[in-house]
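Novice: Mind looking over this structure? Questions follow.
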Amino acid sequence: MPRVKSSPSSPHKSPVPQGKAGFVRIISGQWKGRKLPVRDVEGLRPTTDRVKETIFNWLAPHVRGTRCLDLFAGSGGLGLEALSRYAEQVTLIEMDKGAADQLRKNLAALGSQQGKVIQADAVSWLQGPVTPFDLVFLDPPFRRELLPQVCELLEQRGWLAADALIYLEREKEMGDLALPANWQLLKDKQAGQVCYQLYVREMNNEALL
């Protein structure tokens, strides 16, 4: 794996086409259909409803009762969806203060006590005190080459529970990605220029999905 470097200062998402920002919609679960405001932050790129629906179809049997990490939270679309589907606890990491403040407001509007927002740089935060997670969402800003760094830190520093699931969203142009050898690919799809994948760490049950 490449040597870990410090994270560059950059927005957490690539540009959103005009008319696509403004709110994030929860697809299913206890808050199905709720629309929550998204802070107008330069470069914010919420995961589309189409992709999000596919992701959570993959994850449907595995969200309830899990400890989740949304490492580049942005709009919070992935972490809030997991909370709506009864994840036990979701930690949302977001570097931009405005976006982090909006996430806290959205959690308050939902009345959720299971979500925690931390304003921090993802790479720096991963080098702090460790708590293992069962499910991790990785949707970093495009063209910043952050995935090799954060994947290495997640694996080597003990952030992942046994058989943890890891969701990756990245630009199709990135090509092959060096990942820990014990991460096994479960699902792989593309939508336009976006590639999204689901991995399992040390899979012992071939019928997991």
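The values are calculated or read from the model by the stated rules, or taken from the named source; none is laboratory data. Quantities reported herein were computed from a predicted structural model and do not represent experimental measurements. No Cβ is skipped: glycine too gets one built from the backbone with ideal geometry, and neighbour counts run over all protein chains shown. Accessible surface areas use protein heavy atoms only, side chains included; no ligands, DNA or RNA. Shrake-Rupley method; radii C 1.70, N 1.55, O 1.52, S 1.80 Å.
Novice: In square angstrom, what is the accessible area per residue of the range 94-172 with a 1.4 angstrom probe?
Specialist: Ligands and nucleic acids excluded, the result is 39 Å² per residue.
Novice: Quote to one decimal, in nm, the extra length available between ASP49 and ASP163 on full extension: 0.36 nm per residue of separation minus the C-alpha distance between them. It would help to have the intermediate numbers written out before the result.
Specialist: Working: separation 114, 0.36 × 114 = 41.04 nm, distance 2.67 nm.
My answer for the length gained is 38.4 nm.
Novice: Okay, next question. Place a point 7 Å from Cα of GLU171 in the direction of its Cβ. Which residues in the range 116-160 have their backbone N less than 18 Å from it?
Specialist: From the range 116-160, the list is 138-150.
Novice: Over all distinct Cα pairs, what is the inverse of the mean 1/r for the range 88-170, reported as the Kirkwood hydrodynamic radius in Å?
Specialist: The answer is 13.7 Å.
Novice: Describe numerically, in nm with one decimal, the distance between label points set 7 Å from Cα along Cα→Cβ at ARG25 and at GLN114.
Specialist: 2.3
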